[in-house]
Amino acid sequence: AGSLLEIRQRISEYKKWLSENLSSEKSLKEETERLENEEKEKTESLQDLRNRVQKEKEAFVQEEEKRLLRLQEIESMKENRLLGEKWEQANRNYKEKVQLYEELYEAFFREQAGILAGKLCEGEPCPVCGSRVHPNKAKASQKAPEQNQVQRAKLLRERAEKERENAQRFFQES
């Protein structure tokens with residue numbers, strides 16, 4: 001009987017120990033599950049944040065690329081406008097040089113005609129047309145340009161023409 005009582009007491013102690021340890025093990029399992037679920041939620045939340053950050057980064061990069069393209073377009077338009085203005089200025093300069101050259105050229109040849117006319121004598125043939133009658137002789141001018149002035153104006157006209165062509169080419173290529 002004493003040993004039966006001891007066995008019962010030991011059974012009772014084991015039951016008590018088992019119930020304490022089983023509930024402790026159960027709570028540890030529950031706590032482990034809770035922590036695993038929390039870790040899973042936080043991992044998913046972190047991944048969601050990473051995905052959003054990546055999408056925002058991509059959107060930002062796309063906006064920056066668009067802004068850069070707009071700035072490049074604006075710069076291109078400014079450059080195009082400047083090239084157009086240079087071409088217009090070169091064209092005006094060319095027209096001025098053409099006009100100056102033509103005026104000097106014409107004045108020079110009128111002077112040459114006046115010089116030839118000054119040597120004409122009635123009844124003698126004109127060296128230009130052969131006529132022996134000279135009713136309206138050209139007159140020499142004191143303001144007539146010299147040949148080197150006409151040649152210089154021609155060179156300036158040619159240089160202005162090249163500048164105009166270059167400016168036009170740059171404008172059209174832009």
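The values are calculated or read from the model by the stated rules, or taken from the named source; none is laboratory data. This one's a predicted model, so the numbers in the text were calculated from it and none came from an experiment. Neighbour counts run over all protein chains shown; Cβ positions are idealised from the backbone, glycine included. The protein model used for the area step is the full one, side chains on, heavy atoms only, and it has no ligands, DNA or RNA in it. Shrake-Rupley method; radii C 1.70, N 1.55, O 1.52, S 1.80 Å.
In table form, for the structure just shown:
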{"quantity": "Mean separation of Cα contacts under 8 Å, 6 or more apart, over the residue count of the range 48-165: relative contact order %", "calculated": "31"}
{"quantity": "Per residue, in Å², the accessible surface of the chain once ligands and nucleic acids are set aside, probe 1.4 Å", "calculated": "87"}
{"quantity": "Alpha-carbon centroids, the range 49-108 and the range 115-174: separation in whole Å", "calculated": "40"}
{"quantity": "Within the accessible area of the chain (1.4 Å probe), percent carbon and sulfur", "calculated": "52"}
{"quantity": "Label-to-label distance, nm, for residues given as Val128 and Leu116 (7 Å Cα→Cβ offset)", "calculated": "0.5"}
{"quantity": "Cα pair distances in the chain, grouped into 10 Å bins until the bin that holds the longest one, percent each", "calculated": "8, 13, 11, 9, 8, 7, 6, 6, 5, 5, 5, 4, 4, 3, 2, 2, 1, 0, 0"}
{"quantity": "Note, ³J(HN,Hα) from phi for the range 54-70, Karplus 6.51, -1.76, 1.60, rounded to Hz, x at Gly and Pro", "calculated": "4, 5, 5, 5, 5, 5, 4, 4, 4, 5, 5, 5, 5, 5, 4, 4, 4"}
{"quantity": "Label point distance in nm, Lys154-Phe109, each placed 7 Å from Cα along Cα→Cβ", "calculated": "1.2"}
{"quantity": "Sites Glu56 and Lys29, calculated FRET efficiency, Cβ-Cβ separation with R0 35 Å, nearest 0.05", "calculated": "0.30"}
{"quantity": "In order through the range 76-92: 3J(HN,Hα) via Karplus (6.51 cos²θ - 1.76 cosθ + 1.60), integer Hz, x for Gly, Pro", "calculated": "5, 5, 4, 4, 4, 5, 4, 5, x, 5, 5, 5, 4, 5, 4, 5, 4"}
{"quantity": "Nitroxide proxy distance, nm - points 7 Å out along Cα→Cβ at Trp17 and Leu46", "calculated": "4.1"}
{"quantity": "In the range 108-174, lysine pairs with alpha-carbon atoms under 23 angstrom apart (chain gap of 8 or more, or interchain)", "calculated": "5"}
{"quantity": "Ellipsoid semi-axes in whole angstrom, largest first, where each is sqrt(5λ) of the Cα gyration tensor of the range 39-89", "calculated": "48, 4, 4"}
{"quantity": "For the range 125-139, Karplus couplings with θ = phi - 60° (6.51, -1.76, 1.60), whole Hz, Gly/Pro x", "calculated": "x, 6, x, 9, 10, x, 5, 9, 10, 10, x, 9, 6, 5, 9"}
{"quantity": "Hull shadow area, averaged, the range 88-144 [alpha-carbon convex hull, nm²]", "calculated": "4.8"}
